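Asks: Take this structure first; my questions come after.
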Amino acid sequence: MKTVLIIGGGFAGCAAAHQLSLLDGWDITLVEKAPFLGGGVKTHWHGGHPFTYGPRHFLTPDEKLFDYLHKIVPMRKCPEHEFLTYVEPDQQFYNFPIHKDDIVRMPNREQIESELRQITGAINARNLEEYWIGSVGESLYRKFVDGYTRKMWEVDDCKEIDDFAWSPKGVALKEGTRACWDEAISAYPIAPNGYDDYFEISTADTSVLLDTTIEEFDLENRRVLMKGDWYTYDLIVSTVSPDVIMDNSHGELPFKGRDFLKIVLPVEYAFPKDVYFVYDTSNEIFTRMVEYKKFTRHQSDSTFIGLEIPSKSNRLYPVPIKKHVAHAERYFADMPEGIISMGRAGSYKYIDIDDIIDQAMAMADQVKAGGLDHPVPLHGDWLRSVRAEIEDMPLDPAANG
Ligand SMILES: Cc1cc2nc3c(=O)[nH]c(=O)nc-3n(C[C@H](O)[C@H](O)[C@H](O)COP(=O)(O)OP(=O)(O)OC[C@H]3O[C@@H](n4cnc5c(N)ncnc54)[C@H](O)[C@@H]3O)c2cc1C
């Protein structure tokens, strides 16, 4: 029996445990510093309402990934869901992705129409600003993307955002249905406890150590110090940031975080039918409001809104700027054989739940085939992995169908 240690019991750690348990011959241990599994996808309760920190609905263009999860935690598809964006100067809510039929309601519609007639495309875009101006023109970019993105990533200028998929075929301006995800699967677990059963089922054959923090790492020898004793493994799969397991040897990797406000309102629904999120592009401090019962179908005469505020209090979003990605790459280059780094922080990549399942499947395949060429398991196709942008506002509308 070979031994593997998985560090972190979020979606990535649990998915990795599940995929390795499906291979023969692995004795699996998972350490999680929190008293529960699931990380950010764990369901919590407030005012009688179930919620997760951030929406965490399951979005995928890949039937195989949906089928995998649906077999373990039955899912309800929600193809109808719409996102709105509040544009304060217009005092209007518009659909996001930007919808052609909303332009007629915009005060500067003539300017917008004229810019749309002159757009040059995004094929040579070097950064987010060039991408959007090339795709929809200056006015729509300023209205929908510029302020929001600067707030979301805490940057002064969207030209700083230079690492995501640039799709020359992207549909930046939507026509037809207002549903946000009409060309991919959008779903949420049916059970009131959301994805929680997944974390138990996926780790059924794993020794799970909750409330456990590793005190020291000796990656060269695949050893860790836990509760005063050293333990050696044949393989270590880390889902935490590379700087954590490598003693900050190249300096701290930057992440963006979120604070989360929980608001219960005395109405059955706050948002219009089919609207699940509202983005705020103004200079108010919050980015997004989510009405959770739209996902959970929780029955109550009150509703629950989660409000997200960019913050430095946690490390949730790897920053999509090339110099930071190169910084993470320096860590990966130094990782000895037998160390795998995956999940959102572990890959230092803005990936979503479906990408993480896909990555865990690819990781197990590569382990079975004899090992990995790079500590971060290669998975899916490039466009699909960066599609994760949609979860906090699509940077790449191509990913949005
Ligand atoms: C606000 C927000 C909203 C999102 N919404 C969506 C969405 O709608 N749809 C979607 O598909 N994806 C969404 N995502 C992304 C998706 O949820 C994440 O990509 C995914 O859950 C990451 O899983 P993970 O296991 O890599 O990380 P995490 O969930 O962060 O898990 C890491 C785990 O490691 C543990 N840990 C950390 N350090 C240590 C240590 N030193 N020792 C032991 N344990 C440690 C943590 O406690 C945690 O449990 C969202 C992300 C965020 C931040």
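Asks: Using the Karplus equation 6.51 cos²θ - 1.76 cosθ + 1.60 (θ = phi - 60°), what ³J(HN,Hα) coupling, rounded to whole Hz, does each residue of the stretch 36-53 give in order, writing x for Gly and Pro?
Replies: Couplings: 8, 8, x, x, x, 9, 5, 7, 10, 10, 8, x, x, 9, x, 7, 10, 7 Hz.
Asks: Search the structure for amide H atoms under 5 Å from the amide H of Gln92, placed 1.01 Å from N in the peptide plane, and list their residues when 5 or more places away or on another chain.
Replies: For Gln92, the qualifying residues are Val87.
Asks: Follow-up. Kindly identify the stretch 82-174 as rounded, prolate or oblate by the Cα gyration tensor criterion: order the square roots of the eigenvalues as a ≥ b ≥ c, call it rounded if a/c is under 1.5, otherwise compare a/b with b/c, prolate if a/b is larger, else oblate.
Replies: Since a/c reaches 1.5 but b/c is at least a/b, the shape of the stretch 82-174 is classed as oblate.
Asks: Sticking with this structure for a sec: Going by amide H atoms built from the backbone, whose H comes under 5 Å of the H on Arg258, apart from near neighbours?
Replies: Ser311, Ser313, Asn314, Leu316
Asks: When only DSSP loop residues count, what trypsin sites (Lys or Arg not before Pro) in the stretch 96-191 have their Cβ near at most 12 other Cβ atoms within 10 Å?
Replies: Arg126, Lys169
Asks: A further question follows. Pick from Ala333, Ala125, Ala17: which residue has the top mean-square fluctuation in a GNM of the chain where Cα pairs under 10 Å get a spring?
Replies: Evaluated over the chain, the most mobile residue of the options is Ala333.
Asks: Exactly which trypsin sites (Lys or Arg not before Pro) in the stretch 1-99 are in a DSSP loop and have at most 16 other Cβ atoms within 10 Å?
Replies: Passing both the DSSP loop test and the Cβ count: Lys33.
Asks: Report the one residue of Asn108, Asn248, Thr29 whose Cα lies farthest in the direction of the positive end of the charge dipole of the chain (charges on C-beta: Lys and Arg +1, Asp and Glu -1; origin at the Cα centre).
Replies: Final value for the positive-end residue is Asn108.
Asks: Sticking with this structure for a sec: Taking the Cα centre of the chain as origin and charging only Cβ (+1 Lys, Arg; -1 Asp, Glu), how large is the dipole, in debye to the nearest 20?
Replies: Dipole about the Cα centre, nearest 20: 540 debye.
Asks: Could you work out how far helix 63-72 tilts from the main Cα principal axis of the chain, as a 0 to 90 degree angle to the nearest 10?
Replies: The angle comes out near 60 degrees.
Asks: Among Leu22, Leu253, Leu378, which one shows the highest mean-square fluctuation when the chain is modelled as a Gaussian network with alpha-carbon springs under 10 Å?
Replies: Between Leu22, Leu253, Leu378, it is Leu22 that shows the largest mean-square fluctuation.
Asks: Enumerate by residue number the trypsin sites (Lys or Arg not before Pro) in the stretch 215-272 meeting two conditions: DSSP loop (anything except H, G, I, E, B), and at most 12 other Cβ atoms within 10 Å of the site's Cβ.
Replies: Lys227
Asks: What number results when the radius of gyration of the chain, computed over Cα atoms, is divided by 2.2 N^0.38 Å?
Replies: Normalised by 2.2 N^0.38 Å, the Cα Rg of the chain equals 1.00.
Asks: Using θ = phi - 60° and the Karplus form 6.51 cos²θ - 1.76 cosθ + 1.60, what ³J(HN,Hα) does each residue of the stretch 195-200 get, whole Hz, x for Gly and Pro?
Replies: 7, 4, 5, 4, 5, 6
Asks: Which of Val290, Val325, Val104 moves the most in a Gaussian network model of the chain with Cα springs under 10 Å?
Replies: Val104
Asks: In the neighborhood of Val31, defined by Cβ-to-Cβ distances under 12 Å, what is the net charge if each Lys or Arg adds +1 and each Asp or Glu adds -1?
Replies: Computed value for this residue: -1.
Any read-out appearing in this document is the output of simple, stated calculations on the displayed coordinates, not a laboratory observation. What you see is a predicted model; the values in this text were computed from it and never measured. As a convention, Cβ positions derive from the backbone with ideal geometry for all residues, glycine included, and neighbour counts pool all protein chains shown.
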